[in-house]
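The values are calculated or read from the model by the stated rules, or taken from the named source; none is laboratory data. In this text the structure is predicted, and so the values were computed from the model without any measurement. Backbone-built Cβ (ideal geometry, glycine too); neighbour counts: all protein chains shown.
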Amino acid sequence: MLQNYDAPPAVGNCKGHDVDKWFPIIEKGLPREQWLKFRSDIKEAIELCNSCASKEHCLEYSLRHEPIGIWGGKTEAERAMMRSDRGILLSREARIFLPGIGRRNANGFAYKGNYRLKDAAIKKAIQEAQ
């Protein structure tokens, strides 16, 4: 039976938890204590995702529709790489910012001037940062 990934799963380990764990807003120049809290929240969100029965559905939904946040135990950068590798395009345009790497399209492309380029160097940098 084919799965329909046009809607997020109705149930999951994330239900009832603070959504900020899955959608941290990390700004340039944050105090160290706040940065460490964000990292702790992200780790906790990923751990909850990894033990969830809806993880696969959540991840597949996010690959098609959600550029921002933690979904299916994967970060924005990890999902951008997965989209690029699997040839999946988001249902909406979005850009994400990766600290130390820069601005990129959430479909896994780098922006350089007016050109959209698939960039193996950025992909390598993301993998090394993790």
Inside segment 7-57, can you point out the residues that are surrounded by 13 or more Cβ atoms within 10 Å (Cβ to Cβ), part of a loop (DSSP other than H, G, I, E, B) and touching a Pro at 6+ places or on another chain (Cβ under 8 Å)? 54
Report, by residue number, each residue of segment 4-51 that is modelled with pLDDT under 85 and touching an Asp or Glu at 6+ places or on another chain (Cβ under 7 Å). 5, 24
Kindly indicate the residue of segment 94-126 that is part of a strand (DSSP E or B) and closer than 30 Å to residue 51 by Cβ and also modelled with the highest pLDDT among those meeting that condition. 96
Residue ID - nearest to residue 68 (Cα to Cα), chosen from residues in segment 18-36 that are in contact (Cβ under 8 Å) with a residue 24 or more places away in the chain and of a type in the set (A, V, I, L, M, F, W, C): 23
Filtering segment 58-93 down to residues that are within 18 Å of residue 14 (Cβ to Cβ) and assigned to a helix (DSSP H, G or I) yields 58, 59, 60, 61, 62, 63, 65, 76, 78, 79
